């Protein structure tokens with residue numbers, strides 16, 4: 001026993017000694033902070049994510065922070081310029097030599113590939129590099145969540161997804177020509193082609209069918225992913241073979257994963273991290289704004305392509321079925337200011353329309369519809385709401401679904417109070433967000449009258465909001481994005497027509513459709529457009545925010 | 001002895017089956033649809049069905065459980081994550097050493113604090129040292145781990161900068177791009193988590209050691225040893241501590257086993273990629289295979305450590321027989 005006790009004591013002493021020694025040892029050598037001043041070429045930008053990305057594989061990832069990083073690594077047929085809004089939201093050819101040649105029936109697009117683009121491995125980018133991406137995206141063994149980008153419009157894509165074809169017949173690569181054959185005209189093809197899953201891939205990745213994806217694939221943008229350790233880090237380096245026009249100032253981007261938002265705030269404050277990619281604790285933003293100012297050097301706010309809304313259920317038996325008067329009344333009654341405030345300091349701007357700012361067709365002047373629903377409630381708006389609601393509240397009872405975390409519960413209470421003014425006794429059902437999201441998509445489960453909801457763009461085209469969320473002809477038993485179960489035959493027809501238009505005509509048509517739906521038969525109560533609150537270190541220079549892909553790492557530099 | 005171990009192992013199988021079945025049932029009682037989540041927000045009904053088949057979620061729960069057990073026993077596989085399709089074996093294998101670093105380092109620390117304090121208090125009850133010790137115990141037990149963690153992290157890690165405020169460094173093979181690695185960096189990053197993790201246990205153990213030593217000091221055999229003229233040091237070490245430490249060994253084994261299943265709060269505060277954080281992520285994402293991986297690992301730890309403690313008991317106290 002003596003020996004055991006002495007051994008224990010010695011072990012404890014060694015352990016304690018080790019702790020003391022390590023506590024006083026020299027700190028880890030980190031990248032030395034540079035003094036604030038001129039931008040310098042080279043260096044590393046360190047960014048942090050509290051939650052790891054789903055994948056780094058271009059055909060598998062469906063996670064905004066990864067798409068943000070891929071804006072720096074990918075080369076695509078069409079892309080958005082390294083610029084702030086509104087210029088940054090205007091799509092332009094990247095690897096395509098120019099805009100495509102479109103057949104008269106609008107169903108065939110032919111691109112010519114610009115020479116000179118290369119992957120970091122040295123392999124040249126050709127028309128085949130893009131066809132490979134589409135073949136891989138629709139590979140049934142990969143079961144990619146982003147296959148929807150082509151499955152509904154490209155000939156042969158669904159057959160490939162169903163395992164009936166070894167490649168997508170509607171995409172043909174021949175020399176420097178790439179042809180897309182579509183099942184129906186789809187002018188939003190160009191916007192879809194700007195998404196990361198449709199970037200060029202090299203011959204090695206093309207043959208990879210591992211459903212786990214790859215951690216680091218070759219890429220042909222200004223940067224490439226050189227390494228990834230899941231749950232720990234992603235290392236992105238400059239593509240030595242990139243000769244394109246996009247900026248590429250820094251040497252590397254280091255993404256560290258796993259710290260809490262509180263720690264990330266501390267690290268950015270200290271300057272050991274340069275950017276809090278998925279944000280810091282919301283309670284910190286007021287202090288950050290006070291200390292650094294807004295949109296000056298270290299703290300920026302920019303709009304997201306997103307809308308938070310209350311989906312008004314139009315299914316038979318629910319409050320808003322064939323009841324546009326009540327839908328209008330709710331739009332007049334809901335206190336958008338109070339609702340938005342629950343998200344925290346500078347978390348969003350109030351809105352009264354479906355399409356968010358930054359979306360094609362929505363200008364600074366039309367972000368809020370003039371003559372539309374009030375973004376601030378007062379006695380007159382409440383009177384208007386009451387008069388619209390009178391005689392349209394059915395049995396005066398309703399049910400609202402909301403998430404049980406974050407601002408959801410408080411926002412639901414605000415709506416409950418506002419509807420009480422209209423004579424509606426709204427019960428609130430709080431659910432885990434994942435359950436709320438999946439249940440609301442199943443028609444038979446959607447027993448709510450109002451659903452707390454939000455939608456972020458997959459790509460910058462109004463189709464991704466209006467048609468995806470409100471097309472009554474696409475309502476199915478399951479997997480509905482139309483959580484208002486909105487089905488207005490006249491507007492559905494107009495949506496289908498607008499989807500076939502190009503350019504300014506298209507933008508104008510969707511703008512009009514948005515206004516018309518909201519004024520005549522509102523599907524929702526749109527409430528706010530979220531703001532991205534971006535906290536960067538004093539070393540993060542050349543800050544540029546692209547309205548579609550967000551922070552532009554390719555343009556970043558160290559100061 | 002052999003029969004005892006066989007009997008314990010058979011019980012372990014029963015415990016394992018019960019724990020995994022209950023976890024399965026709890027998971028499927030939650031009415032979220034993992035296939036719809038994995039398919040993404042823009043998925044069509046057909047694609048959700050395809051993903052459901054891909055993830056084997058189109059089978060009945062008993063069939064899914066059967067395949068889970070079969071995979072585990074026949075292939076030694078815990079399956080693949082619904083969210084990122086990584087092998088759960090790999091996920092648990094990567095996370096376990098991190099949690100082990102925290103738990104074993106923390107255990108050394110809490111024993112180094114608790115045993116001397118407990119003995120000292122027991123030898124001089126109601127003295128100033130004893131009262132101060134009990135104040136420490138009260139504080140250690142009362143303060144929430146999360147609060148202590150956040151305060152130490154903010155004060156020592158952020159404001160004073162004496163130690164890293166969070167993160168983990170590998171002793172060997174740090175990932176590409178890592179800014180730290182090696183024993184010293186590893187230990188520097190673990191000091192604060194060790195302290196936070198150890199405080200509660202140190203307080204509990206100090207009280208337990210004090211109480212056990214005080215009880216043992218009053219035993220007849222201790223009085224006899226003193227009457228026979230044995231030196232106080234020998235009485236303390238050979239007669240008092242040997243008996244007083246028996247319950248401590250039991251507790252230690254169980255506490256370490258349970259903590260190896262994931263020290264959720266400490267790992268979350270300090271961003272340690274261990275089993276606790278893995279379990280939280282799995283629950284957040286409705287990722288059953290990941291949660292099951294951690295549950296299976298934790299169950300095995302409890303079973304193995306329970307067995308080890310029982311065997312160790314026989315060596316520490318020869319009066320105990322394995323019947």
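Count, please, the residues in the range A:179-232 that happen to be more than 29 Å from residue B:168 (Cβ to Cβ) and touching a residue at least 24 places away in the same chain (Cβ under 8 Å). So the count comes out to 34. The set of residues from the range B:286-318 being part of a loop (DSSP other than H, G, I, E, B) and crowded, with 21+ Cβ neighbours inside 10 Å comprises B:286, B:287. Here residue A:64 meets each of (1) touching a helix residue (DSSP H, G or I) at 6+ places or on another chain (Cβ under 9 Å); (2) within 14 Å of another protein chain (Cβ to nearest Cβ) with one exception, condition (1).
Among all residues of the range B:213-225, there is at least one that is surrounded by 20 or more Cβ atoms within 10 Å (Cβ to Cβ), in a helix (DSSP H, G or I) and assigned by TED's automatic domain parsing to the domain that holds residue B:277.
Does residue B:197 meet the test of being over 30 Å from residue A:229 (Cα atoms), more than 10 Å from every other protein chain (Cβ to nearest Cβ) and crowded, with 17+ Cβ neighbours inside 10 Å? When the stated conditions are applied, residue B:197 does not pass them. Looking across the range B:82-113, the residues that are more than 26 Å from residue B:166 (Cα to Cα) and surrounded by 20 or more Cβ atoms within 10 Å (Cβ to Cβ) come down to B:82, B:85. Could you go through the range B:224-234 and let me know if any residue there is within 11 Å of chain A (Cβ to nearest Cβ), touching a helix residue (DSSP H, G or I) at 6+ places or on another chain (Cβ under 8 Å) and modelled with pLDDT under 95. Checked the range B:224-234: at least one residue is within 11 Å of chain A (Cβ to nearest Cβ), touching a helix residue (DSSP H, G or I) at 6+ places or on another chain (Cβ under 8 Å) and modelled with pLDDT under 95. Only helices (runs of 4 or more DSSP H) whose full extent lies in the range A:91-207 are considered here, and the ones with at least 1 residues that are buried (at least 24 other Cβ atoms within 10 Å of the Cβ), more than 14 Å from chain B (Cβ to nearest Cβ) and modelled with pLDDT of 95 or more are A:127-137, A:189-193. The residues of the range A:243-259 that are in contact (Cβ under 8 Å) with a residue 40 or more places away in the chain, surrounded by fewer than 22 Cβ atoms within 10 Å (Cβ to Cβ) and more than 9 Å from chain B (Cβ to nearest Cβ), listed by number, are A:243, A:244, A:246, A:247, A:248, A:249, A:251. Filtering the range B:18-48 to residues that are within 12 Å of another protein chain (Cβ to nearest Cβ), surrounded by fewer than 19 Cβ atoms within 10 Å (Cβ to Cβ) and assigned to a helix (DSSP H, G or I) leaves B:29, B:45, B:46. Annotation: of all residues in the range B:149-175 being assigned to a helix (DSSP H, G or I) and surrounded by fewer than 14 Cβ atoms within 10 Å (Cβ to Cβ), the one that is nearest to the other protein chains (Cβ to nearest Cβ) is B:159.
Selection of the range A:389-429 for residues being in contact with a helix residue (DSSP H, G or I) (Cβ under 8 Å, 6 or more places away or on another chain), in a helix (DSSP H, G or I) and within 21 Å of residue A:324 (Cα to Cα) yields A:389, A:415, A:418, A:419.
Selection of first residues in the range B:1-16 that are in a helix (DSSP H, G or I) and of second residues that are at pLDDT below 80, restricted to Cβ pairs under 6 Å at least 6 apart or on distinct chains, gives the following pairs, ordered by first then second residue: B:4/B:322. Within the range B:200-223, the set of residues being closer than 17 Å to residue B:124 by Cα and within 14 Å of another protein chain (Cβ to nearest Cβ) comprises B:206, B:209, B:213, B:216.
Identify all residues within the range A:448-501 that are in a loop (DSSP other than H, G, I, E, B), away from chain B (no Cβ under 14 Å) and touching a strand residue (DSSP E or B) at 6+ places or on another chain (Cβ under 7 Å); write none if there are none. Residues satisfying the conditions are A:448, A:449, A:484. Residue check: is residue B:252 under 22 Å from residue B:114 (Cβ atoms), buried (at least 18 other Cβ atoms within 10 Å of the Cβ) and in contact (Cβ under 8 Å) with a residue 60 or more places away in the chain? So residue B:252 fits the description; yes. Is it the case, given these coordinates, that residue A:225 is modelled with pLDDT of 95 or more, within 22 Å of residue A:68 (Cβ to Cβ) and assigned to a strand (DSSP E or B)? The answer is yes for residue A:225. Hey, does the range B:265-274 have a residue that's surrounded by fewer than 22 Cβ atoms within 10 Å (Cβ to Cβ), modelled with pLDDT of 90 or more and within 13 Å of chain A (Cβ to nearest Cβ)? Yes, the range B:265-274 contains a residue that is surrounded by fewer than 22 Cβ atoms within 10 Å (Cβ to Cβ), modelled with pLDDT of 90 or more and within 13 Å of chain A (Cβ to nearest Cβ).
Here the range B:54-87 is the region considered, the condition is being within 9 Å of another protein chain (Cβ to nearest Cβ) and without any contact (Cβ under 8 Å) to a residue 24 or more places away in the chain, and the residue that is farthest from the chain's Cα centre (by Cα) is B:54. Criterion applied to A:451, A:460 was being within 19 Å of residue A:351 (Cβ to Cβ) and within 15 Å of the chain's Cα centre (by Cα), and the one residue passing it is A:460.
Per the conditions (1) buried (at least 18 other Cβ atoms within 10 Å of the Cβ); (2) without any contact (Cβ under 8 Å) to a residue 12 or more places away in the chain; (3) closer than 29 Å to residue A:192 by Cβ, the sole criterion not satisfied by residue A:435 is (3). Against the criterion of being out of contact with any strand residue (DSSP E or B) (no Cβ under 7 Å at 6 or more places or on another chain) and modelled with pLDDT of 95 or more, residue A:254 does not qualify.
The values are calculated or read from the model by the stated rules, or taken from the named source; none is laboratory data. Quick caveat: nothing in here was measured; it's all calculated off a predicted structure. Using ideal geometry, Cβ is built from the backbone for each residue, glycine included, and neighbour counts are taken over all protein chains shown.
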